[in-house]
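Each reported figure results from applying straightforward, stated rules to the coordinates on display, with no laboratory input. On a predicted model such as this, the values are computed, not experimentally measured, just so you know. Every residue, glycine among them, receives a Cβ derived from its backbone with ideal geometry; neighbour counts consider all protein chains shown.
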Amino acid sequence: MKKTLIIATLAIMSLFGTTACAQKKGENMNSLNNKKVLVAYFSWSGNTKAAADYIAQKLNADQFEIIREADYPTDYDECANEAKAEKDANTHPAIKGTVSDMAQYDVVLVCVPCWWYTAPMPVFTFLEQYDFSGKTVIPFCTAYTAEYETLKDIVKATPKSDHRDGICVVTKEMNGVGMDKKFGQIDKWLKEIGF
């Protein structure tokens, strides 16, 4: 009798646990369609730009390119060294331009490459410049191997926002070459997060 009662109790607890997870996932699936969307992106090699352009076109969204005021070197190794020095010093460099009316956007996708296990430092400069309270912030990154802390760090930098699950698109190419082969993966993700 005790064994039957324990099994029944575990079955009921399991059912409630499953329902709670389903409800949580369902809550995260509120539609983002008909929302005003901004795709803010940083791109050095062109991969993230190609992805951001595709996402913006697909969602009929506005775009803002995050550009460091002092250009990064065009040589890969020199750029990597400079980016690492910025990260190690936690430098948030000045960036060019501003979003003219951030208040109008309900959703901001932040699209970045993974540099030294996180987002490039100018992205954090951008995130510090605006109040993202009440907005939905969605991280996106391109990477050669993996996202590491990139997506989590964007979420941490926007603590007053709602967030949707981000995605990392891994590519071994540069200059946006082959990014069109990743559009199916991006489409699937956009649908999963409510677009």
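When both segment 73-108 and segment 121-195 are represented by their alpha-carbon centers, they are found 14 Å apart.
Fewest Cβ neighbours within 10 Å first, please rank 99, 39 accordingly.
So the ranking, lowest neighbour count to highest, is 99, 39.
Applying 1/(1 + (r/R0)^6) with r as the Cβ-Cβ distance of residue 57 and residue 94 and R0 = 30 angstrom yields a FRET efficiency of 0.55. If you take every DSSP beta bridge whose two residues both sit in segment 36-192, what share of them, in percent to the nearest 5, is antiparallel? In segment 36-192, approximately 10 percent of DSSP beta bridges are antiparallel ones. Taking a Cβ cut-off of under 13 Å around residue 116, the surrounding Lys, Arg, Asp and Glu residues balance to a net charge of -4, with basic ones at +1 and acidic ones at -1. For the cross-link pairs 49/160; 35/135; 84/156; 49/172; 58/188; 58/182, the ones whose C-alpha atoms lie over 22 Å apart are 49/160.
Once you place label points 7 Å from the Cα toward the Cβ at residue 133 and residue 76, how far apart are they in nm? For the pair residue 133/residue 76, the computed spacing is 4.5 nm.
Counting DSSP beta bridges with both partners in segment 106-195, what percentage is antiparallel, nearest 5? Restricted to segment 106-195, the bridges split so that about 5 percent are antiparallel. Can you tell me how the chain classifies by the Cα gyration tensor, rounded, prolate or oblate, using a/c under 1.5 as the rounded cut? Judged from the Cα gyration tensor, the chain comes out prolate (a/c at least 1.5, a/b above b/c). Summing +1 for each Lys or Arg and -1 for each Asp or Glu among the other residues whose beta-carbon sits under 11 angstrom from that of residue 60 gives +2.
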